[in-house]
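The values are calculated or read from the model by the stated rules, or taken from the named source; none is laboratory data. Given the structure is predicted, the values throughout are model-derived calculations rather than measurements. Glycine also receives a Cβ, built like all others from the backbone with ideal geometry; neighbour counts cover every protein chain displayed. Remember, those area values only see protein heavy atoms, side chains included, never the ligands or the DNA or RNA. Shrake-Rupley method; radii C 1.70, N 1.55, O 1.52, S 1.80 Å.
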Amino acid sequence: GDAPETFAIALAPLVLWAFSRLRRTASPGDVILAAVALAALVVSHNLMALLFFAMLLAWLAWELAFGPMFVGAWILEGNGSQAAARGKVVAALALALALGLGLVACMWLPAVLERNAIQFRNVPSGTFFDFHRHFVSVQNIFAPAQFFDLGATQVRFRYSLGVAQWFLGGLGALSVFSPLARRLSALFFAFASLTAIYLALPGSAKVWEAFPLMGYLQFPTRLLGPAAVSLAVLAGAAVSWREPTRHPQRALACAAAAR
């Protein structure tokens, strides 16, 4: 029953990778790649697409403001200044975002223009979809993954991130203390994972109540999807922060564990 939402979570790393590649190259082919990946995310699940689209915009803004300059071959070959390169990359990113949203306008545009024809007020409160009923405890979030019987009439779910995931993510977060330029990217995903985890906990109820639009997400457990994606990026940082390594077999073992 959660196949679309699960598919959206699986697509999110592809979207981040496509826009990261576009940020480095600003090539027309990568514009199309990023746009198609974003369009696939939007049509997979509307609520998860909102979460990941917000993460994508925040990450791009963070990288443009604090990340290492995307000089690339365009600058190294002496074809222009850094300011011109920045403008070219910003234009490519904006084009990919616009093209990706334009490809699936048939899905989101009527929801915006014809929202007065649909009743949404009963969604976030007073029903099973009231977010107050769906927070998850700290013990469950950091508990080991659970095998469950799909044939059972009352399946018991445990909303957890997985021990390997949060452990490797924690190791990757330590790369913010490394001398590598990408430590600032790790800092963003560390902050994103902590924010997503916090918003899934009962202690964040006041935040949900302060922003009524958040109630339309219905389930705070949805935030574990962005948290898992952020931890996956940090797990990769747990391997890369030791580069260059004199023991490539150790890096291979760490990559296999993260996988």
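Some points to look at:
- Between the beta carbons of Gln119 and Ala10, assuming R0 = 35 Å, the FRET efficiency works out to 0.65 to the nearest 0.05.
- Rounded percent of accessible protein surface that carbon and sulfur make up, the stretch 149-227, 1.4 Å probe: 69
- Rounded if a/c under 1.5, otherwise prolate or oblate - the stretch 135-230, Cα gyration tensor axes: oblate
- Equivalent ellipsoid semi-axes, the stretch 154-205, via Cα gyration tensor eigenvalues times 5, rooted, Å: 27, 14, 7
- Karplus-based coupling profile of the stretch 183-196, in residue order and whole Hz: 4, 5, 5, 4, 5, 4, 6, 5, 5, 5, 5, 5, 5, 5, with θ = phi - 60° in 6.51 cos²θ - 1.76 cosθ + 1.60 and x standing for Gly or Pro.
- Based on every Cα atom in the stretch 1-46, Rg and the maximum pairwise Cα distance Dmax equal 11.4, 39 Å.
- Förster-model FRET efficiency, 22 Å R0, Leu99 and Tyr198, C-beta, rounded to 0.05: 0.05
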